[in-house]
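Structure record follows, encoded as structure tokens.
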Amino acid sequence: MNNKFLGLLFVCTLCLSGCRILAPQAINNSKQNIAPELLQANSLPIERGKPRAIIDGVGWVVGIPSKLLLWDSRIDNHKIGLETEACVAEYLSQNQMGHVKVRLNQYRPWDDMKRLTKNKSMAWPWRYSIGTLSVLGETIVPGRIFGGDHFNPYSQTIHLYSDVPAIALHEAAHAKDFSRRRYPGTYAALYGLPVVPLYHESLATKDALAYAQETDDPALQQEAYRILYPAYGTYVGGAIGSVLPMASFPAYYGSVILGHAAGRWQAAQVTPKDPSIASAITEREE
């Protein structure tokens with residue numbers, strides 16, 4: 001039995017059991033570890049970058065592979081709509097996360113570096129080592145061009161380049177997860193180890209699915225399953241590739257395909273309230 005077969009077998013087993021692994025479950029953040037300095041300095045929690053036609057156009061083209069991978073033209077489209085902004089704003093408000101900054105297609109590395117220095121909830125050795133490198137990475141490889149929605153735990157900042165509410169919820173769920181950690185620096189550093197990200201990503205995915213369920217918005221629920229399941233598949237494939245390099249290619253794309261299948265099956269179980277919801281879902285995907 002070769003490595004490729006083992007990798008594919010693992011992918012199939014993990015993805016087919018995804019309904020259980022990624023079952024909606026809210027993160028309990030009743031006990032938060034928040035830096036008062038960040039809370040006081042975050043007078044404007046959500047900021048939006050100014051439209052730059054050429055830069056954003058280049059970013060849209062660079063994001064084509066991600067659009068194809070998750071089969072959604074809104075991925076890395078660098079044009080965040082009001083619906084996505086309102087969705088993440090409401091989530092942060094309900095979870096009392098006024099210390100978190102959200103940047104909508106915005107490039108502000110110096111401001112992020114200042115936020116890093118104010119994040120006293122994280123031990124300084126982590127902030128000024130890996131944390132500094134993370135902000136420098138965002139500076140040298142700007143998401144304004146290269147995309148890549150993510151949450152930076154060192155600066156407590158969410159960076160969004162895709163106009164997808166479900167993705168915004170997922171990144172906000174990461175922020176919620178880190179906000180309850182007693183040792184967020186160690187927790188963040190562990191993310192860099194092989195396979196470990198599956199744990200972090202599963203928590204954020206399950207919380208986003210649970211929140212979508214609580215909103216009683218069928219369109220948002222279906223979108224969350226269709227986007228977040230294959231997105232989780234990319235981490236499954238990456239984890240397999242780190243353990244079985246020879247199986248990395250089939251494992252990666254195989255896990256994404258199975259994620260799409262599982263996500264669409266789960267989405268089909270969500271019943272729209274009325275026919276107009278179904279048309280709204282279709283319009284979102286176009």
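Under the condition of being among the aliphatic types (A, V, I, L, M), under 15 Å from the mean Cα position of the chain (by Cα) and part of a loop (DSSP other than H, G, I, E, B), the residues counted in the stretch 94-108 number 1. Screening Ile240 with (1) over 22 Å from Ser162 (Cα atoms); (2) surrounded by fewer than 19 Cβ atoms within 10 Å (Cβ to Cβ) gives one miss only, at (2). If I filter the stretch 176-188 for residues that are under 24 Å from Val270 (Cβ atoms) and not hydrophobic (A, V, I, L, M, F, W, C), do I get at least one hit? Yes, the stretch 176-188 has at least one match.
Taken over the stretch 70-114, the residue count meeting the criterion of being farther than 20 Å from Thr215 by Cβ and either outside the structural domain of Gly131 (by TED's automatic domain parsing) or in contact with a strand residue (DSSP E or B) (Cβ under 6 Å, 6 or more places away or on another chain) (or both) is 5.
Identification of helices (runs of 4 or more DSSP H) wholly contained in the stretch 1-93 with 1 or more residues that are crowded, with 16+ Cβ neighbours inside 10 Å, at pLDDT 95 or above and of a type in the set (A, V, I, L, M, F, W, C) yields 36-41, 53-62, 64-70.
The values are calculated or read from the model by the stated rules, or taken from the named source; none is laboratory data. This one's a predicted model, so the numbers in the text were calculated from it and none came from an experiment. Cβ atoms come from the backbone with ideal geometry, glycine included; neighbour counts cover every protein chain shown.
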